[in-house]
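Take a look at the structure set out below.
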Amino acid sequence: MKAIVSLNSGSSSIKFSLFTLDAEGTLHLSAGGKIERIGIAPSLRARSSDGKTILERDWPGGAALSHADLLRDLFAWATDHPLEGQEVVAIGHRVVHGGTEYAAPRRVDAPLLDKLEALCPLAPLHQPHNLAAIRAIAALAPDLLQVACFDTAFHHDKPAVASRLALPRAFHDQGIRRYGFHGLSYEYIARRLGEIDPALAAGRVIAAHLGNGASLCAMRAGKSVDTTMGFTALDGLMMGTRCGSIDPGVVLHLQTQLGMSATEVETLFYRESGLLGVSGISSDMRTLTASAAPQAAEAIDLFTWRAAREVAALTASLGGLDALVFTAGIGENSAEVRSRICARLDWLGVTIDEIANAGDALRIGMPDSPVAVHVIPTDEERMIALHTLHVLEGTL
Ligand code: AMP
């Protein structure tokens with residue numbers, strides 16, 4: 001049976017999923033796993049789709065192992081343990097940045113890799129890891145089809161007004177513009193909503209991807225028209241360790257008055273701010289919602305206030321709102337955060353049924369709520385596999 005692997009290679013982890021392709025061309029999740037704590041003490045866990053552990057490995061002294069080293073080990077294991085009757089025919093990768101050029105997934109070849117390499121300065125914390133995984137696989141299996149699936153692609157055709165920063169034109173022309181991210185997640189949500197409620201999906205929808213990274217996307221008829229992330233994945237909402245939108249004057253002050261270097265500011269904004277910075281306790285929403293500390297409450301309050309404020313802003317971009325969809329780690333699992341965001345949007349017609357919200361319901365809006373409210377689990381790995389399949393079909 002043919003199989004497709006999805007790879008999501010981040011700064012300290014590599015997530016992977018294996019999908020098999022049945023005779024009707026439908027993808028079925030067969031196994032999935034994660035290498036975590038890369039750069040510290042990497043460990044690997046993989047499970048089959050029925051939850052059985054199929055591989056566990058630790059590299060206790062492996063702080064120096066790179067993404068490529070670990071992928072080589074994983075590849076060697078997979079070659080020694082062929083999954084019964086499954087033949088990997090392609091690997092799809094999440095690639096954070098497709099720049100101004102790529103509005104759709106692409107088959108990887110040397111010229112594409114060079115172009116994606118040139119985009120590394122636009123996503124220095126993510127893009128190099130994405131490309132390292134592609135290069136590692138290309139060295140191990142040069143004939144295997146690899147497909148790059150871009151997080152920016154879903155937002156590529158949003159209106160010009162939602163793409164421009166208020167800077168002199170020359171900066172826009174050299175690529176300093178609002179791109180938007182989490183596109184694979186939003187594309188999946190748009191598809192799922194289309195299956196669940198086609199009429200709603202054809203309308204004005206805001207999807208809230210609230211995880212460690214967090215953003216909102218305003219969609220009309222399943223297409224992105226605005227989003228809270230911009231030039232980088234630092235913009236917009238408050239996140240686990242990222243500050244989100246911030247007065248640019250703060251950056252100037254930190255550098256000119258406090259003498260902070262660009263690297264120090266980068267570390268502050270990407271790794272030390274957000275829920276972690278405000279609470280001083282954790283970047284993890286589960287820990288904060290379980291904490292009695294006033295600083296934890298303050299961090300959650302700021303997170304929900306910012307999210308509600310941005311929902312209102314994107315409602316203006318859409319000219320109204322028909323549905324709000326929550327997804328990702330916090331959006332799917334925290335009834336408290338959903339409830340607090342919706343309470344601030346009551347005036348907009350977002351009213352939720354607290355009993356449905358506290359349970360596992362997909363629809364959590366009150367039956368007479370002018371705005372429908374849904375919780376839909378995202379699946380970026382499946383979206384990558386679907387794109388990879390389409391590129392594969394195009395090459396057969
Ligand atoms: P993600 O980046 O999508 O994996 O989301 C990670 C975030 O989801 C972390 O802040 C987790 O604490 C949060 N999260 C996961 N499960 C829960 C839960 N049951 N309640 C609150 N937050 C959760």
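Put simply, the C-alpha atoms of region 297-396 give a gyration tensor, and the ellipsoid matching it has half-axes of 29, 16, 15 Å, longest first.
The calculated FRET efficiency for the pair Asp173 and Ser11, based on their C-beta separation and a Förster distance of 30 Å, comes to about 0.50. What FRET efficiency would be calculated for the residue pair Ile281, Asp80, taking the C-beta separation as r and a Förster radius of 51 Å, to the nearest 0.05? Working from the Cβ atoms, E equals 0.75.
Placing one equal scatterer on every Cα of region 155-233 and applying the Debye formula, the log10 ratio I(q)/I(0) at q = 0.17, 0.19 Å⁻¹ is -0.65, -0.77.
With the simple model of a label 7 Å out from the Cα in the direction of the Cβ, Leu125 to Ala313 spans 1.8 nm. Derived from the Cα gyration tensor, the three semi-axes of the equivalent ellipsoid of region 158-313 are 28, 24, 11 Å, largest first. Contact order, relative form, for region 97-228: 23 percent (alpha carbon pairs under 8 Å, 6 or more residues apart, mean separation divided by residue count).
Helix 294-318 versus the longest principal axis of the chain: what is the Cα-based angle in degrees, 0 to 90, to the nearest 10? Compared with the principal axis, the helix lies near 90 degrees.
Above 17 Å, the calculated P(r) of region 241-313 contains 50 percent of its Cα-Cα pairs. Between 0 and 90 degrees, the angle of helix 380-395 with respect to the longest Cα principal axis of the chain falls at about 50 degrees.
With the simple spin-label model, which puts each label point 7 Å out from Cα in the Cβ direction, the Asp58 to Arg344 separation comes to 4.1 nm. Pairs over the 28 Å Cα-Cα cut-off, from the set Lys15/Lys115; Lys115/Lys158; Lys15/Lys52; Lys2/Lys223; Lys2/Lys34; Lys115/Lys223: Lys2/Lys223.
Averaging the sequence gap over all C-alpha pairs within less than 8 Å and six or more residues apart, then dividing by the number of residues, gives region 4-146 a relative contact order of 23 percent. Annotation: the residues Ile35, Ile189, Ile281, Ile300, sorted from fewest to most other C-beta atoms within 10 Å of their own C-beta, follow the order Ile281, Ile300, Ile35, Ile189. Here the chain is assigned +1 on the Cβ of each Lys and Arg and -1 on the Cβ of each Asp and Glu. Its dipole about the Cα centre then comes out at about 580 debye. Taking every alpha-carbon pair within region 274-338, the share separated by more than 15 Å comes to 55 percent.
For region 102-114, 3J(HN,Hα) computed residue by residue from phi via the Karplus equation (6.51, -1.76, 1.60; θ = phi - 60°) reads 9, 9, 8, x, 9, 5, 7, 9, 4, x, 5, 4, 4 Hz, glycine and proline entered as x. Note that region 355-396 shows a convex hull volume over its alpha carbon atoms of 92 Å³ per residue. Comparing Leu324, Ala312, Thr289 along the charge dipole axis of region 278-378, the residue lying farthest to the positive side is Ala312, per the Cβ-charge model. Over the Cα atoms of region 109-201, the radius of gyration divided by the Kirkwood radius equals 1.06; this is the Rg/Rh ratio. As a ratio to 2.2 N^0.38 Å, the alpha-carbon radius of gyration for region 29-148 is 1.14. As an equivalent ellipsoid, the chain spans semi-axes of 32, 26, 23 angstrom, where each value is the square root of five times an eigenvalue of the C-alpha gyration tensor, largest first. Each peptide in 92-105, 39-52, 341-354, 158-171 gets a packing score, the mean of other Cβ atoms within 10 Å over its residues, and the list from highest to lowest is 92-105, 341-354, 39-52, 158-171.
Helix 127-140 sits at what angle to the longest principal axis of the chain, using alpha carbons and giving 0 to 90 degrees rounded to 10? Here the helix axis deviates by roughly 10 degrees.
Beyond 11 Å, what share of the Cα-Cα pairs of region 217-260 remains, rounded to the nearest whole percent? For region 217-260, the fraction of Cα-Cα distances above 11 Å is 72 percent.
Could you compute how fast region 15-93 diffuses translationally, taking Rh as the Kirkwood radius over C-alpha pairs and applying Stokes-Einstein at 25 °C with viscosity 0.890 mPa s? Give it in µm² per second.
Estimated diffusion coefficient is 180 µm²/s.
Helical runs (DSSP H, four residues minimum) scored at -39500 (n - 2.57) apiece and divided by the length of the chain put the mean residue ellipticity at 222 nm at -11500 deg cm²/dmol. Direction-averaged projected area, Cα convex hull, region 1-60: 4.4 nm², rounded to one decimal. What number, in percent, do you get for the relative contact order of region 152-207 if the mean sequence gap of Cα pairs under 8 Å and at least 6 apart is divided by its residue count? Answer for region 152-207 is 33 percent.
Every number in this text was worked out from the coordinates using simple rules, so none of it is lab data. The structure presented is a predicted model; accordingly, all values stated were derived computationally and were not measured. Every residue, glycine as well, gets a Cβ built from its backbone with ideal geometry; the counts of neighbours run over all protein chains shown.
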